[in-house]
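Engineer: Mind having a look at this structure? Questions to follow.
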Amino acid sequence: MKPRLKPLAIATLLLTAGGWGVFLGFGRKLAVAIAHRFEGVLSRVANGKFDDPVSFVHGRLAEGLALATLVFVLVAATLWIWTWLGRRSSWAPLRGLIAGVAVFVFLNIVAWAAGQTVLFWALFYDKTQIDNFAQYHIKRALMDEVHGKRRAILLGSSQTNRSIDEVLMNQMIGDRIWTTELTQPGARGFDLLTLSRDIPLQRGDIVICYLSEIMFAGSGNGIVVASFMNFSEVPDAFQLGGWSHLPGEAVRSGLLGRVLPLYRYRDSLSNRVLGWSISHLDQQRFDQSLESDLEAQAMRRAPELRLDEASGFEQMAFSRMAGELADKGCTLLVISGDTHPAMRRHVNPEVIEHLERFLTDLTKKYPRNVVLIHGSEFFKPTDSDFADLVHFTDAAQRRFSLKLSEYLRDFHADDAR
């Protein structure tokens with residue numbers, strides 16, 4: 001390290017050490033003071049994502065210090081590598097290349113560490129143009145800050161998201177059961193196996209999945225695989241006979257993203273740099289291409305829902321997830337839900353019947369850990385309760401969430417059997 005950089009390095013080291021000293025000695029008191037000072041702001045920011053402002057502030061202080069320390073260490077390491085290579089004439093021709101590789105590796109290390117924090121993902125938060133990947137990581141990180149109450153995790157596709165309102169749930173029963181929504185659009189059976197392994201679940205958690213015939217029948221889009229698939233899911237894909245049913249490009253993206261965090265975060269970075277409307281142009285075009293007549297749309301889409309090897313693979317993956325949740329001491333609450341009446345009119349009845357048999361058999365296989373209820377027990381939806389073929393309107397979502405809250409209050413009292 002060059003002599004003129006040593007005073008700066010020493011000052012940074014002392015500042016970092018001092019920061020940790022203050023945090024370890026007075027971090028909790030400082031968090032209390034900040035939480036009280038900005039109580040109104042934190043209340044608006046919370047929006048059902050966290051219930052303890054003090055723990056939230058304390059967690060962000062810890063994240064900030066940890067990231068600052070890591071950056072300091074890696075910058076120092078980069079400068080040391082550059083200086084060390086400069087002292088060896090034999091390495092001089094490769095000095096730039098080696099230093100460049102080191103910087104690339106260090107940037108990915110910082111990206112990985114940042115990706116474990118709420119501070120980083122908060123940069124991508126938007127109330128209206130929602131980045132589902134960023135939202136997932138914010139809520140996932142905040143799960144560890146829920147104490148003294150049971151946790152309910154909403155896991156599924158956008159149908160789960162649009163059927164259950166986590167904010168309303170927490171307003172109703174948040175004093176005893178704290179609900180966190182970790183759904184991903186387009187998720188199917190294998191996707192949920194992948195997501196469930198990524199979530200830091202613990203004994204006593206309730207995993208809630210609202211699903212219908214679209215969960216297993218039909219074709220997957222690979223969105224979740226491209227963002228979340230890990231190397232641990234490769235053996236599952238082969239064992240369950242589903243490797244050929246996974247989009248190859250999505251698999252490559254998912255696995256490469258696990259090695260290179262900067263690549264994994266590319267979509268969120270694009271959303272922030274280019275803007276949501278540009279990065280989601282293809283999705284907007286697809287949405288605009290859909291028929292406005294839901295009856296006509298159902299006539300076209302319902303026949304795509306069929307029982308075949310792909311649907312069998314998705315069901316086996318879901319069943320494997322149920323087994324793993326049981327081993328962890330979690331309860332899987334499966335809500336057999338509805339699609340628009342037009343969809344039900346045109347779908348093959350065997351698809352619905354097969355789903356019911358599969359879910360019933362799942363409860364028999366894991367009688368202590370899998371609970372099956374039917375959404376129609378809360379209310380039977382009509383055409384007016386749907387915004388499209390599969391998603392509830394806001395009013396219907398509220399009705400369903402209120403009923404589910406009542407159910408979970410009793411469910412909790414019975415201690416999940």
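Engineer: If I take R0 = 60 Å and measure r between the Cβ atoms of Trp84 and Ser43 in this structure, what FRET efficiency does the formula 1/(1 + (r/R0)^6) give, to the nearest 0.05?
Structural biologist: Values: r = 51 Å, r/R0 = 0.86.
Once the sixth-power term is evaluated, E becomes 0.70.
Engineer: Okay, next question. How large is Rg over Rh for the range 67-130, taking Rg from the Cα atoms and Rh as the Kirkwood inverse mean of 1/r across Cα pairs? Spell out each step's value before the answer.
Structural biologist: On the way: Rg = 16.4 Å, Rh = 13.7 Å.
So for the range 67-130, dividing Rg by the Kirkwood Rh gives 1.20.
Engineer: Could you check how much of the accessible area of the range 150-253 is carbon and sulfur, as a whole percent, using a 1.4 Å probe?
Structural biologist: Looking at the range 150-253 in its full context, I get 51 percent from C and S.
Engineer: For the chain, what are the per-bin percents of Cα-Cα distances with bins 20 Å wide, up to the bin holding the maximum?
Structural biologist: It works out to 22, 53, 21, 4, in whole percents.
Engineer: Peptides 171-179, 373-381, 139-147, 309-317: what's the order by average Cβ count within 10 Å, highest mean first? Numbers along the way, then the final one.
Structural biologist: Values: 171-179: 19.0, 373-381: 15.2, 139-147: 17.0, 309-317: 21.2.
Descending packing order for the listed peptides: 309-317, 171-179, 139-147, 373-381.
Engineer: Can you compute the radius of gyration and Dmax for the range 32-166, using only the Cα atoms, both in Å?
Structural biologist: Every Cα atom of the range 32-166 included, Rg and Dmax give 20.5, 66 Å.
Engineer: If you don't mind, another one. For the Cα atoms of the chain, what angle does the longest principal axis make with the long axis of helix 53-86, in degrees from 0 to 90, nearest 10?
Structural biologist: Taking the Cα atoms of the chain, the angle to 53-86 is about 50 degrees.
Engineer: As an exercise, take the mean of 1/r over every pair of distinct alpha carbons in the range 316-417, invert it, and state the Kirkwood radius in angstroms. Please list the in-between numbers first.
Structural biologist: On the way: mean 1/r = 0.0662 Å⁻¹.
Every distinct Cα pair counted, the radius reaches 15.1 Å.
Engineer: Okay, next question. Taking the Cα centre of the chain as origin, work out the dipole magnitude from +1 charges on Lys and Arg Cβ and -1 charges on Asp and Glu Cβ, in debye rounded to 20. Can you show the working numbers first?
Structural biologist: Details: 46 positive and 45 negative charges, 477 e Å.
Dipole about the Cα centre, nearest 20: 2300 debye.
Engineer: What are the equivalent ellipsoid semi-axes of the range 132-219, built from the alpha-carbon gyration tensor (square roots of five times its eigenvalues), in whole angstrom, biggest first?
Structural biologist: Numbers: eigenvalues 97, 39, 26 Å².
Over the Cα atoms of the range 132-219, the semi-axes work out to 22, 14, 11 Å.
Engineer: Too long at a 24 Å Cα-Cα cut-off: which of Lys49/Lys127; Lys127/Lys328; Lys49/Lys403; Lys149/Lys364; Lys328/Lys364? Could the numbers behind the result be given before it?
Structural biologist: On the way: Lys49/Lys127 13 Å; Lys127/Lys328 34 Å; Lys49/Lys403 21 Å; Lys149/Lys364 28 Å; Lys328/Lys364 18 Å.
Pairs exceeding 24 Å: Lys127/Lys328; Lys149/Lys364.
Engineer: Which whole-number percent gives the relative contact order of the chain, counting Cα pairs below 8 Å spaced six or more residues apart?
Structural biologist: Working: 540 pairs, mean separation 66.4, N = 417.
Across the chain, relative contact order equals 16 percent.
Engineer: State the Cα centre-to-centre distance between the range 294-313 and the range 16-73 in whole Å.
Structural biologist: 48 Å
Engineer: Given a 1.4 Å probe and every protein chain left where it sits, what share in percent of the accessible area of the range 308-417 is carbon and sulfur?
Structural biologist: Details: 2450 of 5060 Å².
Ligands and nucleic acids excluded, carbon and sulfur give 48 percent.
Engineer: Using r as the Cβ-Cβ distance of Val75 and Asn348, and R0 as 56 Å, what FRET efficiency do you calculate, to the nearest 0.05? Each step should come with its number before you reach the end.
Structural biologist: Numbers: r = 61 Å, r/R0 = 1.08.
That gives a FRET efficiency of 0.40.
Engineer: Return one whole number: the accessible area per residue of the chain in Å², for a 1.4 Å probe.
Structural biologist: Details: 20570 Å² over 417 residues.
I get 49 Å² per residue for this part.
Engineer: Separate question: Quantify, in whole percent, the carbon and sulfur part of the accessible surface of the range 1-117 (1.4 Å probe; protein heavy atoms only).
Structural biologist: Values: 5400 of 7280 Å².
The value for the range 1-117 is 74 percent carbon and sulfur by accessible area.
Engineer: Please report the relative contact order for the range 1-75, taking Cα pairs under 8 Å with a sequence separation of at least 6, and give it as a percent rounded to a whole number.
Structural biologist: Values: 30 pairs, mean separation 29.7, N = 75.
Computed over the range 1-75, the figure is 40 percent.
Engineer: Here is a further query. At 222 nm, what value in deg cm²/dmol follows for the chain if DSSP H runs of at least 4 each add -39500 (n - 2.57) and the sum is divided by all its residues, to the nearest 500?
Structural biologist: Values: 21 runs with 255 residues, N = 417.
Dividing the helical sum by the residues of the chain leaves -19000 deg cm²/dmol.
Engineer: Counting each pair of different Cα atoms once, what's the Kirkwood radius of the range 1-96 in Å, rounded to one decimal? Numbers along the way, then the final one.
Structural biologist: On the way: mean 1/r = 0.0615 Å⁻¹.
That comes to 16.3 Å for the range 1-96.
Engineer: Work out the FRET efficiency for Arg176 and Leu13 from their Cβ-Cβ distance, taking R0 = 35 Å, and round it to the nearest 0.05. All intermediate terms of the calculation are to be shown ahead of the outcome.
Structural biologist: Numbers: r = 46 Å, r/R0 = 1.32.
My answer for the efficiency is 0.15.
Engineer: Multiply the residue separation of Ile98 and Arg266 by 0.36 nm, subtract the distance between their alpha-carbon atoms, and state the gained length in nm to one decimal. Mind showing how you got there, number by number?
Structural biologist: Values: separation 168, 0.36 × 168 = 60.48 nm, distance 2.46 nm.
Stretched fully, the Ile98-Arg266 segment lengthens by 58.0 nm.
Engineer: Can you give the relative contact order of the range 73-208 as a percent, counting alpha carbon pairs under 8 Å and 6+ residues apart?
Structural biologist: Working: 131 pairs, mean separation 29.3, N = 136.
RCO, the range 73-208: 22 percent.
The values are calculated or read from the model by the stated rules, or taken from the named source; none is laboratory data. What you are looking at is a predicted structure, and each value in this text was computed from that prediction instead of being measured. Using ideal geometry, Cβ is built from the backbone for each residue, glycine included, and neighbour counts are taken over all protein chains shown. Heavy atoms of the whole protein, side chains included, go into the accessibility calculation; ligands, DNA and RNA do not. Shrake-Rupley method; radii C 1.70, N 1.55, O 1.52, S 1.80 Å.
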